[in-house]
Structure formats: C-alpha cells, structure tokens
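What follows is a short report on a single structure.
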Amino acid sequence: MDERDLIQNCRGGDRESCRKLMERYSDYAMSVAFHILMNRQDAEDACQDAFFKAFHHLGSFDPERSFKPWFSSLLVRQCLDQVRKRVRFGRFLDRLKSDPPAPLLSSGRNAAEDTAPIGDLLGGLRPKERAALYLWSQEGYTGEEIGAALNCSPKTAHVHLYRARVKLKSRLKESNHGKV
Amino acid sequence: MGKCRRVKLLFRIVPVVSLQSALIRRHLLSCSRCSEDAADLEEARAAILPPEKIGPRRDHWPAVSRRLDQAEKTIPGRRFRQAWRWAFATAGLLAVLAVVLWNRFPRRPEADPFAGGLKLKIHDLRVYEQPAQAFIFQTQDADRTFVWVEQR
C-alpha cells in the first residue's frame, strides 16, 4: 500500500495501517534515536514515545507533504527531550548522593554493551551535534531541514554540524594515532 | 563557491548517472573545499552504524496501541479541561481579587445630607393646610439661617 494511503487510513483511525506505517519507520527511528542518545534502552523509549505522538497528532500533519521529515523532527525532538530529562535526573541523583550518577539503564545490561560500537567516535559530540551529523550524512538534510528538525535556525544548525564534523575529524585523528 | 553551485545544479539537471559521476569526480579533483566536504561525509557515514548492526529492536506496537486506546478514552474530558482551564483559572483569580479588595477597602457610608455643613432640611411644608415653598438662606454667620416660606 502507498504511504499516502496508509497515512490517510491512519487518520481515519485504522490501527492496522498505523502498525504498518510504524513497521516501515521502526528501523530508521531506532537508528536515529540510538545515535543521538547512545543508549539502546533510552532509544527504545524515545521511539515508542515518538510513534505514539506521531499517531496521536497525525491530524496536524499535512498529507500533501512527506511523512519522513515530519516524523524525523518529532523523533529528534523527543530524543533531545529525553536527553534533557536524563540530565535533570542525573542532577537529582547527584544531589541525592555525593557519588557520581550511575548510568541510566533500566535493563540489566551494562552501559558498555549498549553504547560500545559508536561510543568511541561519537561519544564526544553533544546530542544536537550527533543529530545534525546523522541527518546530514545519512539523510542528506540541508541546514534548513536540520534546523527544522532541531527546532533552531539554519545558521545554528550549521554551527552544530560544523562542530560535529570538527570533533569527529579530531577523534578519527586521535584513533589513527593510537593505532600507529 | 559559484562554481560549486553550478556543478550541483548541473548534477541535478543531468539525467544520466554516469555523466553525473564524471561531473562530480572532475569537480572534486579541482575543488579542495568540495573534496573536503566529501571526505567529511564519508567519515561521518563510517561513524554511523547501519540498522542491522544496532541489533534487534523491541516491538513497540503493543505499547503504542495501548497508549492510543487510553488517549482516545481520555480525549473528550481532557480537551474540555484544556479549553476551559485558563478561563476557570482567570475567573477564580478575579474572584479572589474581588473578595480581597472588598474586604480591604471599607464601604463608604451613605451620604449624609448634613455632612457638607447643611444645618436645616425641610421635608414637607404647609401653610394653612396648603402646600408651601421654602427658601433657605445661609448667612456668612455659621449660627444664623433665614427661612422664607411662601404659599404656592
């Protein structure tokens, strides 16, 4: 079924169409969320929230436009909200006990297992920089589109992207030196 | 900069893929800025994991469906509350403000006709059982007042 038809059916309250639409974007959503949050559990939560919000507010979506950018901006904002919550909760834990806050993983896994593959390269980047880098490199987004997703001006989006590229370059250099 | 834009425009216009690649390759060889951009893009793509490497993901549909059900049930009441929340809050605030002001400033006593210095007031005047008219003259002397009564 065509995506436009699916969305039309979803707006009409057809749950099966919602499920199919979700299936189409699940891998993409997980990839975006995982690279921004760098934590599988948080990424799963962000995906679930983003899908719920997308279906709940599908009435405000313009069916003449593409679904992916609309959903992407929703997802990215959800991830950034999650980061803010995580920071707040970290501060709360800091106050609660003098020890540094524990990594926030609600599952029994350890942090290294959840973040290891990308932790080395993207770990030094801020969440907004990671989001900008992902949207630029994987989705071919322009500064304007990244700005729309991050809820900031195109200039600010360019700054995030520039910083991300510089940091990534230096990380790569460091890792290459390490190998030599 | 202008040359880069022209190449990007050409890239969009040219319909044949092989021609597009040749165009890009040739431009990258001559433009350091674009070749740097391309290298950055390659590096960024290498740093991003493909979905299959992220691992199996959880099926979110049952949870999302349940939340949608819950939201549908609560929508009418919630919408009503959201729409009227500010109205109720403003009305409540105004009511509290009115009560505070009412208690803070004592009500003015009823106007006393004698308060302005008037010494005499005639309500009903008759002369030989006939209605009459009175004229009151207040002199400069505070203790002396003349009353002139006339039959109508």
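The values are calculated or read from the model by the stated rules, or taken from the named source; none is laboratory data. As the structure is a computational prediction, the values presented were derived from the model and not from experiment. Cβ: placed from backbone, ideal geometry, glycine included. Neighbour counts: every protein chain shown.
Six or more apart or on different chains, Cβ atoms under 8 Å: show the pairs whose first residue is in the range A:51-62 and in the same structural domain as A:GLU23 (by TED's automatic domain parsing) and of a type outside the set (A, V, I, L, M) and whose second is buried (at least 17 other Cβ atoms within 10 Å of the Cβ) and outside any helix (DSSP H, G or I).
Pairs found: A:PHE51/B:HIS60.
(1) farther than 30 Å from A:LEU161 by Cβ; (2) among the hydrophobic types (A, V, I, L, M, F, W, C); (3) within 14 Å of chain A (Cβ to nearest Cβ): which one isn't true of B:ILE48, the others all being true?
With respect to (1) farther than 30 Å from A:LEU161 by Cβ; (2) among the hydrophobic types (A, V, I, L, M, F, W, C); (3) within 14 Å of chain A (Cβ to nearest Cβ), B:ILE48 is out only on (1).
Could you list, in sequence order, all residues of the range A:125-163 that are aliphatic (A, V, I, L, M) and either in a helix (DSSP H, G or I) or within 15 Å of B:ALA46 (Cα to Cα) (or both)? First the steps, then the outcome.
Step one: filter the range A:125-163 for residues aliphatic (A, V, I, L, M), giving A:125, A:131-133, A:135, A:146, A:148-150, A:157, A:159, A:161.
Result: A:ALA131, A:ALA132, A:LEU133, A:LEU135, A:ILE146, A:ALA148, A:ALA149, A:LEU150, A:ALA157, A:VAL159, A:LEU161.
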